[in-house]
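Undergrad: First the structure, then my questions, so here it is.
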Amino acid sequence: MIRAFQISILSCICLLATSCEIPEKSKPVRKQVKIGDISPGSSRQEGPQFLKMINFDVHIFEIPAENIGKLKDVWRNLHSQPLRFQNYKAFRANSFFVRFGQIPTLDKIFNLLQTAGGHKAVTVALLLPDGQAETVTIVGLDSERTISYISTNNETERVSTRPGILALQIRAGKTSGSKGECGMIAQPVYLSPVNSPVPELKALAKKREFPFTSASFGLKMSPGDFIVLGPTKFFSNQSNLGSLFFSKPEGSLFFNETELKPFELKPAVRVFVLVCTGVPD
């Protein structure tokens, strides 16, 4: 079913005519426009594959949990359009929040995250073959656990997981008839990593994957476009999807440049800045 879902959402990028020009600031989502309307297409590959890669940089910031309210300064400088969701109500109920921006405001967003006491923990460069997906590891799960989440039916559901990882899966493909533009879909996913040449073990690991489609989102992007994905709240426990994905109750080390205090270990939240850096013509 997961494979069928991914194939179906990859088949209908041509249905959306929305451009990626800068929209009006922070327009509310009024209609439930489905994520399938902007799903990445899969075009026929010709020539050297490395020339066909779609490029993204994923910057992962950590900010003190006590400063989560300062993210409002980030959100007000970004836009809700042209983002699309599988179910916007469920997306927000899982404590996810995302906004869109373009390259002229990127440095300002970085500065605002730093003003909130944040630091960049890591940057991951992704090279995606047209229509394919890659994952960015968010947190390791070292034991069996039950993760609660709000489903696309707006109900609380639970999934049991074995040791593995919670990751951000990013899939992108060029849009039909548009140069320098791709459709991108991102979603949290649980993975059961098995590095084995045995096909049966690989198939078993694949079967155990679980995509949290209710927290998926997508849009059309061109080089210089970016999104900021962050939490709406901090959780001290890690029993649900939003807490595992964004909250870091064990803390990170932060340095207060203004007060020149030594490094302090503080509970933290993660914020993701995903920048489109290249789309082949």
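The values are calculated or read from the model by the stated rules, or taken from the named source; none is laboratory data. Small disclaimer: the values here were computed from a predicted structure and weren't measured. Neighbour counts are summed over all protein chains in view; Cβ atoms, including those assigned to glycine, are modelled from backbone coordinates with ideal geometry.
Undergrad: Considering only residues that are more than 21 Å from the chain's Cα centre (by Cα), of a type outside the set (Ser, Thr, Tyr) and closer than 15 Å to Gln114 by Cα, which ones fall in the stretch 221-258?
TA: Matches in the stretch 221-258: Leu253, Phe254, Phe255, Asn256, Glu257.
Undergrad: Going through the stretch 81-118 one residue at a time, which ones are out of contact with any strand residue (DSSP E or B) (no Cβ under 8 Å at 6 or more places or on another chain) and not β-branched (Val, Ile, Thr)?
TA: Asn87, Tyr88, Lys89, Arg92, Pro104, Asp107, Lys108, Asn111, Leu112, Gln114
Undergrad: So, in the stretch 190-206, how many residues would count as being at pLDDT 70 or above and either touching a Leu at 6+ places or on another chain (Cβ under 8 Å) or buried (at least 17 other Cβ atoms within 10 Å of the Cβ) (or both)?
TA: Of the residues in that region, 3 qualify.
Undergrad: So in the stretch 207-243, with the set limited to residues that are in contact with a strand residue (DSSP E or B) (Cβ under 9 Å, 6 or more places away or on another chain) and charged (D, E, K, R), which one is modelled with the lowest pLDDT?
TA: Arg208
Undergrad: Does Leu126 satisfy the criteria of being among the aliphatic types (A, V, I, L, M), surrounded by fewer than 21 Cβ atoms within 10 Å (Cβ to Cβ) and either within 20 Å of Phe234 (Cα to Cα) or modelled with pLDDT of 95 or more (or both)?
TA: The answer is yes for Leu126.
Undergrad: Among the residues of the stretch 210-233, which ones are over 26 Å from Glu155 (Cα atoms) and among the hydroxyl-bearing types (Ser, Thr, Tyr)?
TA: Hit for the stretch 210-233 is Ser222, nothing else.
Undergrad: Could you list all residues from the stretch 142-159 that are in a strand (DSSP E or B), farther than 14 Å from Gln86 by Cβ and at pLDDT 95 or above? It would help to see each step written out before you state the result.
TA: Within the stretch 142-159, the subset in a strand (DSSP E or B) is 145-150, 156-159.
Now restrict to residues that are farther than 14 Å from Gln86 by Cβ: 145-148, 156-159.
Matches in the stretch 142-159: Thr146, Ile147, Ser148, Thr156, Glu157, Arg158, Val159.
Undergrad: If we scan the stretch 160-182, do we find a residue that is part of a loop (DSSP other than H, G, I, E, B), at pLDDT below 95 and under 12 Å from Phe210 (Cα atoms)?
TA: For the stretch 160-182, residues part of a loop (DSSP other than H, G, I, E, B), at pLDDT below 95 and under 12 Å from Phe210 (Cα atoms): present.
Undergrad: Here is a follow-up. Can you confirm whether the stretch 253-261 contains a residue that is modelled with pLDDT of 95 or more and among the polar types (S, T, N, Q)?
TA: Taking every residue of the stretch 253-261 in turn, none turns out to be modelled with pLDDT of 95 or more and among the polar types (S, T, N, Q).
Undergrad: Residues to consider are Ser95, Ser148, Ser143; find the one that is in contact with a helix residue (DSSP H, G or I) (Cβ under 9 Å, 6 or more places away or on another chain) and more than 23 Å from Val273 (Cβ to Cβ).
TA: Ser148
Undergrad: Follow-up. Name the residues in the stretch 150-192 that are under 27 Å from Leu126 (Cα atoms), in contact (Cβ under 8 Å) with a residue 60 or more places away in the chain and among the β-branched types (Val, Ile, Thr), would you?
TA: Ile170, Thr175, Ile185
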